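Laboratory data are not the source of any read-out in this text; all were calculated from the coordinates shown. It should be emphasised that the depicted structure is a prediction, and the values quoted were computed from it without experimental measurement. Backbone-built Cβ (ideal geometry, glycine too); neighbour counts: all protein chains shown.
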Amino acid sequence: MAKMKVKIVESKFFWIAVFFLCLKTYILYKIGFNIKSENILQEFLLMINPVSSVVLLIGVSFFFAGITRNIMIVLTSLSATIILYLNLLYFRFFSDILTWPVLFQTSNAKDLTGSITELIKFSDLLLLLDIIVLIILLVKRAVPIQVRVKHEPIMMLSLSFILFIVNLGIAQIERPQLLTRSFDREMLVKNIGILNYHAYDGYIQSQSKAQRVFADSSDITEVLDYRNNNYKDADPELFGIAEGKNIIVLSLESLQSFVINETIDGEEITPFLNELINESYYFDNFYHQTAQGKTSDSEFLVANSLFARDSGSVFFTHAGNEYHALPEILKESGYYSSVLHANNKSFWNRDIMYNSLGYDQFFDINSYDVNEENSVGWGLKDVDFFEQSIELLKSQPKPYYSKFITLTNHFPFELEEEDKLINEFDSNSRTLNRYFPTVRYMDHALKQFFNRLKEEGIYEDSIFIIYGDHYGISNYHNKAMSLFLNKEEITDLDHVQLQRVPMFVHIPGHSNHEINHTVAGQIDIKPTIMHLLGLDTKDDVQFGTDLFSPERSSFAVLRDGSVITDDVVYTKGSCYRKVDGEELDQSNCEPFRERGAMELNLSDKLLYGDLLRFY
Ligand code: GP9
Ligand code: MN
């Protein structure tokens, strides 16, 4: 064993190549990909994250001996350089990292050939500097010829694995739940390195590919049958009421219903939204149905009326599927569609997924003037975001379908003193305490936005769909939450009820509505919008029902299988009566539990099999 270790350490040529390639990757991160780090730990990660994959890749040479090994060291270095260079070219064009599906998107290639020569720079030859040095060392026989030692390749593999685990451990400190939750490519590259990222991406892609391969056209029949049996007619009075109007969708970051009509130290948390309830169709039993994909899950639910995945983000795993999403459907009715969101376009793989969903335009961070003064936490402050969005909105052809995604009310709910319009809450949870001022700030930003829309004459020509994207306060803060809600504890039933998010359909000119108590969720938004526009939903494959349909049954299933009706909640294997929280016999929930499981299952089948390609 000791002898073997010595051998590996002795492999000077190998370590020189490893050093060169790691250094080159780091320099490319900084100069080529312009990756910035916010703290020393991030910078450190950037420096060390190439090591594990580079050791693995060049370590392939340990399967060979003699001169072949040294040649392999050069060849593997060269192939890694080619991968880096392809990424660099792609980045220069799209300011994004390559993904496997992108490599196979041959239909895009023709758009690129013309510009490829412009992307290549003379100075790119510098990338070959280390390779040239390695070749010189090789031909001058300045490096020793190594013999093959029995367990050496395994040692190299193990070393690479250990290095990767250490890397991942540090990355977890910097970005918890990195692999399961944060699917931003730049963030992955920052944390685990570009080569590891490609391996990870390959794994994710192959996983979903397999299920698709085994699906065939008969598989969709089951879904269609279910859909046909559950179709609900529209409310005849509201059907077509929004025809020709602009549709403005406001996806409000982390907004939960428990803040509505509540106060902190006597001050309303959401004064604007509270007012808006009187002038809107407001749904107070409306649930988010998202899982790990958070905002992206809510976007998926709204666009398709299909469930997102129970793990990871469908925006990443199934961006290549065939969909019949709302933007695409609206295009057939002459609508222009866009998303306005001041974040990197690659976050949640949006740039790619939005194409699949049929959006015409994505106004990402590059459409906004973002600087230190107008930013906090995750980026551009909501007030500035809405203000700068007005011109973008006006630049679009009418009628349009435009979705705004806010950002300020995002964990960890940071806000500057001057923007704190109400006090923080006082509990043991800093997160919950800070949540209220950021919600209040978002409410204020909305009020300003509505005023501006009225000034610009956009308001009257539009209808508004406004909802919270997902929870903001996890059950980790239950103790503090019980204090706020004046409850002894947060039970499983309470937890389900806390998954309610505000939902408004605001149609200028329609006022003084009763609050609608129907139990519903984000999956119901697509059919609702379609009916408001006078579009038939009979032939659309969807799992939601129009919120206004007189025939709709009050029902919602959450992504974890919990179900809610007017009277009962089924969650974590127990059935509860809603009014008093009493635990009931399972049979009271069974039909609803079954329905929920059925819908999730069929929707998953559709997604994993990419069944809409057969429809
Ligand atoms: C990022 C923003 C937040 O662009 O939408 O995403 P989230 O963490 O809420 O899913
Ligand atoms: Mn969100």
Amide H of residue 401 versus every other amide H placed in the peptide plane: which residues, excluding those fewer than 5 positions away on the same chain, fall under 5 Å?
247, 336, 337, 338
Which of the GluC sites (Glu not before Pro) across region 535-615 are loop residues per DSSP, with 12 or fewer other Cβ within 10 Å?
551, 582
Run down the lysines and flag those whose C-alpha is under 16 Å from the C-alpha of residue 150, throwing out any fewer than 8 positions away in its chain.
3, 5, 7
Read phi for every residue in region 521-533 and hand back ³J(HN,Hα) as whole Hz from Karplus 6.51 cos²θ - 1.76 cosθ + 1.60, θ = phi - 60°, with x for Gly and Pro.
x, 4, 5, 8, 6, 4, x, 5, 4, 4, 5, 4, 8
Whole-Hz ³J(HN,Hα) from phi, Karplus 6.51 cos²θ - 1.76 cosθ + 1.60, for region 53-65, glycine and proline x:
6, 5, 4, 5, 5, 6, x, 3, 4, 6, 6, 10, 10
Per DSSP helix of 4 or more residues, -39500 (n - 2.57); summed, then divided by the residues of the chain. What does that give at 222 nm, rounded to the nearest 500?
-14500 deg cm²/dmol
Measuring from its Cα centre, region 489-550 shows a charge dipole (+1 at each Lys and Arg Cβ, -1 at each Asp and Glu Cβ) which, in debye to the nearest 20, is 200 debye
Rounded to 10°, Cα long-axis angle of helix 294-304 versus longest principal axis of the chain:
60 degrees
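Taking neighbour counts of Cβ atoms within 10 Å as a proxy for exposure, in what order, fewest first, do 354, 203 appear? Please report the intermediate quantities before stating the final value.
Values: 354 25, 203 10.
Ordered by Cβ neighbours within 10 Å, fewest first: 203, 354.
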Through the Karplus equation 6.51 cos²θ - 1.76 cosθ + 1.60, θ set to phi - 60°, convert the phi angles of region 451-457 into ³J(HN,Hα) values in whole Hz; use x for Gly and Pro.
4, 5, 4, 5, 4, 7, x
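My understanding is that a pair violates if its Cα-Cα distance is over 26 Å; which of 36/381; 394/447; 209/294; 381/403; 12/190; 190/605 do that in this structure? The partial results should precede the final answer.
Details: 36/381 21 Å; 394/447 19 Å; 209/294 23 Å; 381/403 17 Å; 12/190 28 Å; 190/605 34 Å.
With Cα atoms farther than 26 Å apart: 12/190; 190/605.
Charges at C-beta only: +1 for Lys and Arg, -1 for Asp and Glu. How large is the resulting dipole of the chain about its Cα centre, in Debye rounded to 20?
Numbers: 54 positive and 81 negative charges, 895 e Å.
Computed charge dipole of the chain: roughly 4300 debye.
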Between residue 225 and residue 100, take the C-beta separation as r, use R0 = 30 Å, and let me know the FRET efficiency to the nearest 0.05.
0.30
Calculate how steeply helix 220-230 sits against the longest principal axis of the alpha-carbon atoms of the chain, using the helix alpha-carbon long axis, and give the answer as 0 to 90 degrees to the nearest 10.
20 degrees
How big is region 368-479 along each principal axis, measuring the range of its Cα positions in Å and listing the largest first?
49, 29, 20
Using alpha carbon centroids, what distance separates region 198-227 and region 364-406, in Å?
36 Å
Aspartates and glutamates whose Cα lies under 19 Å from that of residue 398, excluding same-chain neighbours fewer than 8 positions away:
243, 328, 332, 360, 455, 456, 460, 461
Region 2-212: relative contact order from alpha carbon pairs under 8 Å, six or more residues apart, as a whole percent, is 34 percent
What is the set of long-range amide H partners of residue 503 at a cut-off below 5 Å, with H atoms built 1.01 Å from backbone N?
283
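For the chain, what proportion of DSSP beta bridges, expressed in % and rounded to the nearest 5, is antiparallel? Don't skip to the end; give the middle numbers.
Values: 23 of 46 bridges.
Of the beta bridges lying entirely in the chain, close to 50 percent run antiparallel.
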From the gyration tensor of the Cα coordinates in the chain, what semi-axes in whole Å does the equivalent ellipsoid have, largest first, with each one equal to sqrt(5λ)?
48, 26, 26
Can you sort 190, 30 from fewest to most other Cβ atoms within 10 Å of each residue's own Cβ?
30, 190
Semi-axes of region 474-547 from the Cα gyration tensor (sqrt of 5 times each eigenvalue, largest first, whole Å) come to 33, 17, 9
What are the trypsin sites (Lys or Arg not before Pro) within region 519-580 that DSSP puts in a loop, where the Cβ has at most 12 other Cβ atoms within 10 Å?
538, 572
Sequence-distant or interchain residues sharing an amide H contact under 5 Å with residue 238, placed H: which?
none
Based on Cβ point charges of +1 for Lys and Arg and -1 for Asp and Glu, what charge dipole magnitude is obtained for region 238-544 about its Cα centre, in debye rounded to the nearest 20?
600 debye
For region 497-614, averaging the sequence separation of alpha carbon pairs under 8 Å that lie six or more residues apart and dividing by its residue count, the contact order in percent is 16 percent
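Using the scaling law 2.2 N^0.38 Å as the reference, what is the normalised Cα Rg of region 238-544?
Details: Rg = 18.4 Å, N = 307, 2.2 N^0.38 = 19.4 Å.
Compared with the compact-globule rule of thumb, region 238-544 sits at 0.95.
Could you work out the relative contact order of the chain, using alpha carbon pairs under 8 angstrom and six or more residues apart, expressed as a whole percent? Mind dumping the intermediate values first?
Numbers: 1031 pairs, mean separation 112.4, N = 615.
Computed over the chain, the figure is 18 percent.
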Which of 306, 168, 23 has the fewest Cβ neighbours within 10 Å, and the rest in rising order
23, 168, 306
